[in-house]
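So the structure is just underneath, and the comments pick up after that.
The values are calculated or read from the model by the stated rules, or taken from the named source; none is laboratory data. Please read all numbers here as calculations on a predicted model, not as lab measurements. Positions of Cβ are backbone-derived with ideal geometry, glycine not excepted, and every protein chain shown enters the neighbour counts. When the accessible area is computed, the model is the full protein with side chains, heavy atoms only, and any ligands, DNA or RNA have been set aside. Shrake-Rupley method; radii C 1.70, N 1.55, O 1.52, S 1.80 Å.
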Amino acid sequence: MFHYPLTADELYAFCAKAVDRQKLEVELSEMVSEQLIFHTDRFYSLCPGNQLAERRIKGNKAAISQLQIASKIAWLISLFPYVRGVGISGSLSKNFADESSDIDFFIITAKDRLWISRTILMLFRKIWVPFGRGKWFCMNYWVDEAGIEIVEKNIFTAIEIATLVPMCGEKTFEDFFAANEWTRNYLPNYVVNNKFLRVKNNWLMKRLLETVFDLPIFNKLERRLMLITGKRYKKKTEDGQLNKKGILIGMQASERYSKHNPQNFQFVLLKRYEQKLNDLLQKVSKHAAIF
């Protein structure tokens, strides 16, 4: 789907069944010999040639420096009120970047304070946009601690959850992955990448601001900010506004989450995936049982 060849380790990690690793290696070897798949360097692909492997290697190298930047930005985000967990999503969470890549963040906030937290951080992001650093602060997906179980349960969301790279909030992400244990139905062999994880930030100023915003008067502000933001994005969609990638702007908002939804990307992708998978399985029916 993304023209991204995989290693044997990754094929094992993303396999939809709890398969025996040695059996998988044998199957891969047989499929290569029958030219059902192709092996270049250490990567397996559905396409012959080395172009995809070269593209991946270049993207992996670029991701190293971008992950270092992302780690610093995540720590900065964690300083803000009600932020309990910060993780990397998108292509960077799959260890790939290029010159046009954004740094996409997945943020978990305290219960009933998602919209206050989001509004403060989005205002902070605007400071960086004139300096060409807006793409470092793409905070596209928010949930609060009472809404950490992802409602959409499919192969797309399972991969997005499993490949999240937690940056800040160790206990918060423990709870998040526990609440989304259903992803094991799709990816039973996957192990989360925790090597960048730090504990959540308890900066004094953050605690003081939260003490203020915990006052009951701010409960109404929380809901008001949700309604204002949701209405603004709905108008952008109705007006046909496009993001910088030329995709129609869309957003889903509730008390427990805020997430961008450009042209129902997830569902369009899943439909294409099912069609491609059906076409592929007809060609490799001999080996389909393992997958």
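Summary table below
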item: 2 or more residues open to solvent by 90 Å² or more (accessible area, probe 1.4 Å): qualifying helices (runs of 4 or more DSSP H) within the range 132-234; result: 170-179, 204-213
item: Tally of residues being modelled with pLDDT of 90 or more and more than 16 Å from Val284 (Cβ to Cβ) across the range 29-49; result: 2
item: Cross-chain or 6+ apart pairs with Cβ under 7 Å, the range 213-229 first and at negative phi, then charged (D, E, K, R); result: Phe213/Arg113; Glu222/Asp112; Glu222/Arg113; Met226/Glu255
item: Qualifying residues in the range 251-267 (those that are open to solvent by less than 70 Å² (accessible area, probe 1.4 Å) and either more than 17 Å from the chain's Cα centre (by Cα) or among the basic types (Lys, Arg) (or both)) - the one modelled with the highest pLDDT; result: Arg256
item: The range 153-176, residues that are under 19 Å from Glu10 (Cβ atoms) and among the hydrophobic types (A, V, I, L, M, F, W, C); result: Ile155, Phe156, Ala158, Ile159, Ile161, Ala162, Leu164, Val165
item: Selection from the range 115-129 of residues that are without any contact (Cβ under 8 Å) to a residue 60 or more places away in the chain and open to solvent by less than 10 Å² (accessible area, probe 1.4 Å); result: Ser117, Leu121
